[in-house]
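Reviewing the structure listed below.
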Amino acid sequence: MNATERWLARAAQRERLKQRDQHIKKMATRTVAVLALMAVGVIAIFTIVFAVNNSTPASASSDYDSIQNDIRAGANVSADASTAVSESVDNREARSLPMQAYAQFYFFEEDRAQRYMHYQVVSPHLTPEQIVLQVNLDLDRTPYEFNTNVAKPDSFLALVNKHFCLPYEYYPYDLYGVGEVLMRYEAALWLEQLIAAAATDGIDLNPVSGFRDASYQESLYNEYVSSVGIDWANAQSAQAGFSEHQTGLAVDFSPADYGFYDTPKAFWLEEHAYEYGFIIRYPEDSNDITLYMHEPWHVRYVGTKVSTFMHDHSISSFEEYYIKYIRHSPY
């Protein structure tokens, strides 16, 4: 697929997403209306039941059934839907998948068994494999509030995200300059090769952000919060200790913003970065795993062996690779 075809494919995908969002908003509006009607109906039911209980008990059942039917007819809600809305979490948990559904995966962790079952209740759209993967990544818990300390910060395969954090004082020992940025020595040498290869193909890749210490990351995050609010800040930046840039293995290319989308630079990196040991760290289809918006300008060094394996096996997120091939092994 050439650049033009990729651009057209992505444009079509965005249009589909736009239509999906419009559909979701429309359904949400309808749902609110239904729930409002049901709430009014429930109030009416309790009022009448109370009145009947203080007058003629024998007629209560008939009046209740009549009102219930009117509510369902007026709200256009089936009996099954009404039951689903009122069904308690306890009842849904009773119908959750059996433990074998999760235990079949080699990366199943027994001490998280109850968390798998609960996560399936609140995320019924996920497959059992996705549930095990995401709970193993602590995605069932609040980012930044529940976190795991990175055991080996100097490892080229250290996972750093909103649930896995570096020590605040961590500073790589082997930083090396590439243009205006610093990276760990091995990553820097491969970065130079990547930039040279891109130039040969007529692509000008200009690195603008590499290593950042925790203090700088903290000030950067606070600036985001002040300018765009905490929700957008969390989608675009990281708190101190939770940024890959502190590892010295990540780099951003200019322009490190929306202007990078659908450009020859983005297409070239997507196609060739893995050949030099880098991965697109926050791909378009994995924001539910990475918890970041798509950043085609942000690449992370993992070494050619891992980057090639991820490319050949269509593993888009480093989180998935970490759970399936670092913390656990299928072999």
Label point distance in nm, HIS272-SER215, each placed 7 Å from Cα along Cα→Cβ: 3.9 nm
- request: In debye, nearest 20, what is the charge dipole magnitude of the range 148-327 about its Cα centre with +1 on Lys and Arg Cβ and -1 on Asp and Glu Cβ, if you could check?
  value: 540 debye
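Just how large is the dipole of the range 92-136 about the Cα centre, in debye to the nearest 20, putting +1 at every Lys and Arg Cβ and -1 at every Asp and Glu Cβ? Don't skip to the answer; put the middle values down first.
Working: 4 positive and 5 negative charges, 41 e Å.
Dipole of the range 92-136, to the nearest 20 debye: 200 debye.
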- request: Kindly write out, for the range 115-129 in residue order, the coupling ³J(HN,Hα) from the Karplus curve 6.51 cos²θ - 1.76 cosθ + 1.60 (θ = phi - 60°), rounded to whole Hz, with x marking Gly and Pro.
  value: 5, 4, 5, 5, 5, 5, 5, 8, 10, x, 7, 8, 7, x, 5
- prompt: Label-point separation (nm) for SER329 and GLU223, each offset 7 Å from Cα along Cα-to-Cβ?
  reply: 4.4 nm
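What length, rounded to one decimal in nm, is gained on full extension from THR263 through to PHE309, with 0.36 nm per residue of separation minus their alpha-carbon distance? All intermediate terms of the calculation are to be shown ahead of the outcome.
Values: separation 46, 0.36 × 46 = 16.56 nm, distance 2.56 nm.
14.0 nm is the gain from fully extending THR263 to PHE309.
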message: Based on alpha-carbon centroids, what's the gap between the range 265-331 and the range 123-144 in Å, whole number please?
response: 19 Å
Within the range 108-174, GluC sites (Glu not before Pro) in DSSP loop having at most 13 other beta-carbon neighbours inside 10 Å: GLU145, GLU169
- prompt: Could you give me the ³J(HN,Hα) list for the range 214-230, computed from phi with Karplus coefficients 6.51, -1.76, 1.60 and θ = phi - 60°, whole Hz, x at Gly and Pro?
  reply: 5, 5, 5, 4, 4, 5, 5, 4, 4, 5, 4, 4, 5, 8, 10, x, 5
message: If I model a spin label as a point 7 Å beyond the Cα along the Cα-Cβ vector, how far apart are those points for GLN100 and GLU186 in nm?
response: 4.4 nm
Unit charges at the beta carbon, dipole of the range 109-261: most positive-side option, GLY177, ALA158, PHE260: ALA158
- prompt: Along the charge dipole of the range 92-136, which of PHE105, SER123, VAL135 sits closest to the positive end, that is, farthest toward it, with unit charges on the beta carbon of Lys, Arg, Asp and Glu (+1, +1, -1, -1)?
  reply: SER123
task: Could you run the Karplus curve 6.51 cos²θ - 1.76 cosθ + 1.60 with θ = phi - 60° over the range 139-147 and give me ³J(HN,Hα) per residue in whole Hz, x for Gly and Pro?
output: 6, 7, 10, 6, x, 6, 7, 10, 9
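Bear in mind that the values in this text are calculations on the coordinates, not laboratory data. Keep in mind it's a predicted model, so treat the numbers as computed, not measured. Cβ sites come from the backbone with ideal geometry, for glycine too, and all protein chains shown count toward neighbours.
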